[in-house]
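The values are calculated or read from the model by the stated rules, or taken from the named source; none is laboratory data. In this text, all values refer to a predicted model and were calculated from it rather than measured experimentally. In this analysis, Cβ positions are derived from the backbone assuming ideal geometry, glycine residues included, and neighbour counts consider all displayed protein chains. To get the accessible areas, we keep the full protein, side chains included, count just its heavy atoms, and leave off ligands, DNA and RNA. Shrake-Rupley method; radii C 1.70, N 1.55, O 1.52, S 1.80 Å.
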Amino acid sequence: NAVLELRRGDRIRVWARFGLPAPAANPGAPDPARALASAGIHRVGTVKSPRLVEHERQGGCSVLRMVDEARAVFRSGLDQVGAGDRPVRGLLGAMLLGDRAALPPALVDRLRSAGLVHLIAISGLHVGMILLLALGVLHRLPLPDWVRTLGMPLILAALVLMAGTSPSILRAAAMGLIAGWGRQVGRTGSGINTLAAVALVLVLLDPAAFHHAGFRLSFAATAGILLGYRRVRHVLPLPAFPGAPLAVSLCAYLSTAPFTAALFGTVAPVSLVSNLISAPLCGLILVSGYQDMLLAAAGLPTLGAGIVARTGCRWLITLAETVPGSVQQVPEPSPWLAAGLLTAIPLLAGTGGGRLRPFLVLSLALALTCLHLGRVPGSAGRVALETTLPDVGQGQAVLLRSGLSAVLVDAGGSRSPTFDVGARVLAPRLAAMGIHRLDVLAVSHEHLD
């Protein structure tokens, strides 16, 4: 609770142990130091207890401090809307404020398994909903035109301050601002040109943003939708629903699959189906949730006592628990495979490929098959038994291979119940080695593994 009461500008004293990030020990594993450096973090530390954080001095008045105070008020409003239901409260905080502190780790795992984890990252859908609601109110009020013109950038600035400056939020807010002002002056520019201009500006302002996973995924998904939606929608012989949302989901999935495989070692084809159901639920949660949060924060009675937002969250959680998880562990794609995918997809989406269309379609199909199936399990060569000790941090794991058979003894452990060593360390390592099935899993003692 003491940590949650801190605001930007406060001076604290903390007992902690700091040091350099531990280097990657497993071959082919992503370097955590590089990932942290891209986010501007060069030292990491641990604190045994929040009680070791001493609040020495309160900060002065500033815009960022006022934002923190407003977020605290909104969080208290969400506490009332959530009505003591922890998963619902955590989901509302993540979807409305970008605050994942109250989100149970088990729920994050279920959303990831169902291909729905992107819903808890504020992006274009959230920004679009907020703009539609806010601009709808502004246009119904008797206000001068200059007030309406300034209303949109002020709303977007407030959203960025409240929800954070993640690449997906900045991308959506910048594109919304450019498109909105363009319509007001009677100009409708190219969406892909706008996206490229926003990407260029963000990289110029912060070159390290290019290495951020959210930056790549957000811009790749948006580019895929802008380039390929019309062509994919034309090919799908389906009515408006589910044809339109399926085309959007398919374009986003194809354009981000190479990046998710390279960054996280996973692909989630189940998201093509789960997103069809989750899209209307997400809209319901956002509209009713923002409305109830603002009313509760102002001390006014919420419409239906927040039952609409809670029901939407409950349905979304049920969907995540019902959809069979199909997140596949895949090895990092080779440079040739990634280059082939990132070349064939834009050509087919943008120009149709022309005379090269049959060749591009076949190449894309083969590349996607290789991406999803991964490498073929290899043998241990001339060695009758190959032993590998993957670095799992806390604890130990021993992998024994003989031909196509694989035996794993223990799977490590973790000091933190929110970090799954099996999913984050071992499974990607096994997939990179071409192992998708274990003949034996031997657990020597009761542990988190």
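Quick look at the values:
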| quantity | calculated |
| --- | --- |
| Accessible area of the chain belonging to carbon and sulfur atoms, whole % at 1.4 Å probe | 65 percent |
| Positive-end extreme of charge dipole, segment 41-197 - chosen from GLY151, ILE122, LEU111 (charges on Cβ) | LEU111 |
| Largest-first ordering by accessible area, 1.4 Å probe, given options CYS370, CYS251 | CYS370, CYS251 |
| Length gained when the stretch ALA240-VAL47 is fully extended (0.36 nm per residue, less Cα-Cα span) | 64.2 nm |
| Surface per residue (accessible, 1.4 Å probe) for segment 174-265, Å² | 55 Å² |
| Cβ-placed point charges (K, R +1; D, E -1), dipole of the chain about Cα centre in debye, nearest 20 | 800 debye |
| Per residue accessible area of segment 276-326, 1.4 Å probe, in Å² | 45 Å² |
| Over the chain: helical MRE at 222 nm, DSSP H runs n ≥ 4 each giving -39500 (n - 2.57), nearest 500 | -18500 deg cm²/dmol |
| Segment 149-196 shape via C-alpha gyration tensor axes, a/c threshold 1.5 | oblate |
| Span-rule helices in the chain, defined as complete DSSP H runs reaching 27 Å or more along the axis (Cα) with Kyte mean at least -0.5 | 63-82, 145-163, 213-235, 240-264, 271-297 |
| Among ALA339, GLY77, SER49 - extreme Cα towards positive end, dipole of the chain, charges at beta-carbon | ALA339 |
| Distance histogram for the chain (every C-alpha pair counted, 20 angstrom bins, percent rounded to whole numbers) | 20, 55, 24, 2, 0 |
